[in-house]
Amino acid sequence: MTVVGCCGSFPGPESPASCYLLEADHHGRTWRVLLDLGSGALGALQRYADPLEVDAVLLSHLHADHCLDLAGYYVMRKYHPDGPQPRIPVWGPDGTADRMARAYDLPLDPGMHEEFDFRAWDGPVQIGPFAVEPVAVDHPVPAYGLRVTADGVTLGYSGDTGPCPGLDEVARDVDVLLAEASFVVGGDNPDGLHLTGADCGAVASRAGARSLLVTHVPPWHDPEVALREATGLYDGPCELARAGAVYEV
């Protein structure tokens, strides 16, 4: 897993918004999927992989910091000098295709359907070596945490969520839990929106996650505070996600 972007809510000075590149070898080639493609991520992605070699995009939800660079990706795939690129699947909540068409001021038909094969989350999917299980989580818009398994190991990705049973399911017995910490303990934190670092540590502990990566900290918060909150409730391996970091899951 390469952390393309890990900044919460909008791009920060050190990182784009949410985007994680997963790679695994399967049947003689490397398969690549993206977990989210948030604001600013497409530019940074080009440091780590050819975007035209991505096999699928998995969107946790449709807030701008998790999906909006799909608009630039549409331009890259439609107008590339080598010609229009083959369609690739984009999984997301119901309405993803229309949301992205409106974002680029396109008519809904054809919108971006000629570049992307939009599919709604309605159960597990298989993409080459990646088995992906979406789990509904608690956020103001339809949102999903994702369990991604390949080569016998599982990554749990919270997406954006408040504490909820779905989050516990995402985190259950994973090798790595990638969990967002947009809030800090003691703040004016509305229910059903985001996690604190303490929430990340608590769910990793009770769900039996074998390691924890704290991510999605907004620029107005100190990431080290989120890390301290998490490690106060979780005694396994724990660190902050950083743009450009590469992890062998």
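The values are calculated or read from the model by the stated rules, or taken from the named source; none is laboratory data. Being a predicted model, the structure only gives us computed values, none of them experimental. No Cβ is skipped: glycine too gets one built from the backbone with ideal geometry, and neighbour counts run over all protein chains shown. Side chains are part of the model used for accessible areas, which takes the heavy atoms of the whole protein and leaves out ligands, DNA and RNA. Shrake-Rupley method; radii C 1.70, N 1.55, O 1.52, S 1.80 Å.
In the context of the full set of protein chains, residues of region 31-81 present 32 Å² of accessible surface per residue (probe radius 1.4 Å, heavy atoms only). Between the residues 49, 12, 100, the greatest Cα displacement towards the positive end of the dipole of region 1-248, with unit charges on the Cβ of Lys, Arg, Asp and Glu, is found for 49. Relative to the longest principal axis of the Cα atoms of the chain, the long axis of helix 197-207 lies at roughly 90 degrees. Dipole of region 1-248 computed with +1 at Lys/Arg Cβ and -1 at Asp/Glu Cβ about the Cα centre; of 156, 203, 186, farthest Cα towards the positive end is 156. Computed from Cα atoms, the angle from the helix 70-79 axis to the main principal axis of the chain rounds to 20 degrees.
Would you work out the charge dipole size for region 45-99 about its Cα centre, treating the Cβ of every Lys and Arg as +1 and the Cβ of every Asp and Glu as -1, and quote it to the nearest 20 debye? Mind showing how you got there, number by number?
Working: 5 positive and 8 negative charges, 24 e Å.
So the dipole magnitude of region 45-99 works out to roughly 120 debye.
Take the Cα of residue 27, step 7 Å toward its Cβ, do the same at residue 119, and the gap between the two points is 1.4 nm. If you average the C-alpha positions of region 175-249 and of region 1-74 separately, how far apart do those two centres end up, in angstrom? Each part's Cα centre sits 20 Å from the other's. Fully extending the segment from residue 210 to residue 222, taken as 0.36 nm per residue of separation minus the present Cα-Cα distance, adds 1.8 nm.
With contributions of -39500 (n - 2.57) from each DSSP H run of at least four residues, the per-residue ellipticity at 222 nm computed over the chain stands at -5500 deg cm²/dmol. Overall, the chain carries a charge dipole of about 280 debye about its Cα centre when +1 sits on the Cβ of Lys and Arg and -1 on the Cβ of Asp and Glu, all other atoms neutral.
Please return the longest range in the chain lying between exposed loop sites, taking trypsin sites (Lys or Arg not before Pro), DSSP loop only, at most 15 other beta-carbon atoms within 10 Å, and leaving the sites out.
Working: sites that count: 47, 87, 210, 242.
That would be 88-209.
Measuring nothing but protein heavy atoms, the accessible surface of the chain at 1.4 Å probe radius is 50 percent carbon and sulfur.
Return the loop-located GluC sites (Glu not before Pro) in region 114-208 (DSSP other than H, G, I, E, B) with at most 14 other Cβ atoms within 10 Å of their own Cβ; answer none if there are none.
On the way: sites: 114, 115, 169, 180; in loops: 114, 115.
Sparse-neighbourhood loop GluC sites (Glu not before Pro): 114.
Taking the DSSP bridge list for the chain and keeping only pairs wholly inside it, about 55 percent are antiparallel. Put a dot 7 Å past the Cα of residue 64, heading toward its Cβ, do the same for residue 79, and the two dots end up 2.1 nm apart.
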